[in-house]
Amino acid sequence: MKEGNWMDITQPLKNGMANWPGDTPFEFGLSATKEETGSANIGRMTTSLHIGTHADAPFHFDENGKQLHEMNPDVYIGKARVVDVTRFSSVGREELERFDLDGARRLLLKTSVRNDPMTFPEDYTELRPDIGPLLKEKGIILLGIDIPSVDLIHSKELATHHSLGEAGVCIIENLMLEKVQPGDYEFIALPLAIHGADGSPVRAVIRPAE
């Protein structure tokens, strides 16, 4: 990969940011200051693993699914295709078949005009479960979205999570794609290797593919 020109598409982790209703909010502070220790500031944070821009491990929705430390890091690094679906209120096979997905290994869906990290959206684009089989047919191994979840907020079945899991498609949620144009990009969004975890915040960056 060439150096430079990376665009950050991550929701910054900051106190007061929006979290999934009822989940643990993000909080950062200093547990000790340099003045107190005589040598260094020492920070600590409390958070849900599904805060801001984050990866879902299959264990999040499947008791027998892979946990985060078992995920292949190669999935989270490589070429990605950004597709603009902002004109649709619901996205599934029918809508995605209108786009050229051939050769794409990672797909980033630009679904909303604006993603405000400080406000949890009251409504967002529905992703229908038939998306999983289509992505599998296309050889896509990762789906990234700019909304809080691949399922709607009141879903208990998490049908789209399961559809993607069964298709072998990894999930990244809450990307910041407002300023990103459709096209092919180099992409990095590595989760932390938290042993036994169901998810992790990521630092996601892209730049135009060569």
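What follows is calculated from the coordinates using simple rules that are stated; it is not laboratory data. This is a predicted model, so every value here is computed, not measured. A quick note on method: Cβ atoms are made from the backbone with ideal geometry, for glycine too, and the neighbour counts reach across all protein chains shown.
Counting only strands (runs of 3 or more DSSP E) that sit completely within the stretch 16-95, those holding 2 or more residues that are closer than 30 Å to Ala167 by Cα and in contact with a helix residue (DSSP H, G or I) (Cβ under 8 Å, 6 or more places away or on another chain) correspond to 54-56. A count restricted to the stretch 113-129 and to residues that are buried (at least 17 other Cβ atoms within 10 Å of the Cβ), free of Cβ contacts under 8 Å to residues at least 60 places away in the same chain and under 21 Å from Met17 (Cβ atoms) stands at 2. The selection criterion, being surrounded by fewer than 19 Cβ atoms within 10 Å (Cβ to Cβ), over 16 Å from His60 (Cα atoms), over 13 Å from the mean Cα position of the chain (by Cα) and touching a residue at least 60 places away in the same chain (Cβ under 8 Å), does not hold for Asp74. Scanning the stretch 133-175 for residues that are over 23 Å from Asp102 (Cα atoms) and not hydrophobic (A, V, I, L, M, F, W, C) yields a total of 9.
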